[in-house]
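Below: the structure, in structure tokens.
The values are calculated or read from the model by the stated rules, or taken from the named source; none is laboratory data. Fair warning: this is a prediction, and the values are worked out from it, not measured in the lab. Methodologically, a virtual Cβ is constructed for each residue, glycine included, from the backbone with ideal geometry; neighbour enumeration extends over all protein chains shown.
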Amino acid sequence: MDSKKLAAEFIGTFWLVLGGCGSAVLAAAFPELGIGFVGVALAFGLTVLTMAFAIGHISGCHLNPAVTIGLWAGGRFKATEILPYIVSQVLGGIAGAGVLYLIASGQVGFDVSAGFASNGYSDHSPGGFSLTSGFVTEVVMTFMFLMIILGSTDERAPKGFAPIAIGLGLTLIHLISIPVTNTSVNPARSTGPALFVGGWAVSQLWLFWVAPIIGAVLAGFVYNFIAGKSK
């Protein structure tokens with residue numbers, strides 16, 4: 001396994017969590033000048049867009065265990081590389097959350113139990129949405145994310161535009177689903193903040209592994225069915 005690819009995945013996922021969750025924790029509700037849901041959604045999209053250009057040519061810029069598994073299901077990734085990629089992504093997500101914690105805890109009155117951009121359902125859904133709503137949302141949003149990734153990186157697609165499509169796709173996904181689950185579609189993104197919050201965030205973390213992986217695997221098979229594998 002190429003250590004350069006794993007390092008790239010670590011750095012990329014670190015940036016996704018620090019940039020995306022950082023915007024939610026530090027800037028979303030900043031007095032009078034908060035960026036709100038739209039700003040947070042754009043921040044997540046920008047982390048992926050910038051890293052896709054920066055490390056896409058090194059590791060493929062997955063930054064997400066569900067993406068790695070979905071690309072495998074779509075015949076685009078080797079099974080032997082799945083576990084090392086996922087480990088690097090999760091460690092990067094934890095590191096990103098760790099740096100964010102160091103920054104955020106420097107503010108008077110900071111309380112990590114307030115959520116720390118963790119994903120949740122029922123009482124811990126931003127909009128009070130149920131477990132079923134959260135599960136369906138995460139499956140469908142991850143499914144569509146992988147459809148965008150597989151389609152825009154297909155050899156037959158226009159060259160050079162995939163990072164833009166993928167980044168804007170993730171932005172749209174957040175615009176839809178932040179009120180439901182705080183938007184995961186990425187187990188590594190969910191794991192980092194949850195470990196710092198503990199308690200409910202860890203107990204609900206299972207959904208943000210299971211649902212995105214289901215959605216990603218379905219997309220891998222469906223994309224190949226409707227488009228055929230690239231030659």
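Could you tell me which residue of the stretch 160-200 is modelled with the lowest pLDDT, considering only residues that are outside any helix (DSSP H, G or I) and not β-branched (Val, Ile, Thr)?
Of everything passing the filter in the stretch 160-200, Gly160 is modelled with the lowest pLDDT.
Residues being surrounded by fewer than 21 Cβ atoms within 10 Å (Cβ to Cβ) and modelled with pLDDT of 95 or more: count how many of those fall in the stretch 31-41.
Residues in the stretch 31-41 being surrounded by fewer than 21 Cβ atoms within 10 Å (Cβ to Cβ) and modelled with pLDDT of 95 or more: 0 in total.
Do the conditions hold for Gly98, that is, is it surrounded by fewer than 19 Cβ atoms within 10 Å (Cβ to Cβ) and part of a helix (DSSP H, G or I)?
Criteria met by Gly98.
Of the numbered conditions (1) within 18 Å of the chain's Cα centre (by Cα); (2) surrounded by fewer than 23 Cβ atoms within 10 Å (Cβ to Cβ); (3) small (Gly, Ala, Ser), Gly12 satisfies every one except a single condition; which is it?
Of everything listed in (1) within 18 Å of the chain's Cα centre (by Cα); (2) surrounded by fewer than 23 Cβ atoms within 10 Å (Cβ to Cβ); (3) small (Gly, Ala, Ser), Gly12 misses just condition (2).
Taking interchain pairs and intrachain pairs at least six residues apart, which have beta carbon atoms under 8 angstrom, with the first residue in the stretch 12-25 and more than 19 Å from Phe53 (Cβ to Cβ) and the second at pLDDT 95 or above and basic (Lys, Arg)?
That search, which allows pairs on different chains as well, returns Cys21/Arg189.
Could you please find all residues in the stretch 120-151 being without any contact (Cβ under 8 Å) to a residue 24 or more places away in the chain and either buried (at least 17 other Cβ atoms within 10 Å of the Cβ) or not in a helix (DSSP H, G or I) (or both)?
Gly128, Ser130, Ile148
Is one or more of the residues making up the stretch 28-48 among the small types (Gly, Ala, Ser), in a helix (DSSP H, G or I) and more than 19 Å from Leu168 (Cβ to Cβ)?
No, the stretch 28-48 has no match at all.
For the stretch 108-119, how many residues meet the condition of being in a loop (DSSP other than H, G, I, E, B) and within 21 Å of the chain's Cα centre (by Cα)?
Matching residues across the stretch 108-119 total 5.
Evaluate the following for Gly75: is it in contact with a Phe, Trp or Tyr (Cβ under 9 Å, 6 or more places away or on another chain) and either small (Gly, Ala, Ser) or not in a helix (DSSP H, G or I) (or both)?
No, not satisfied.
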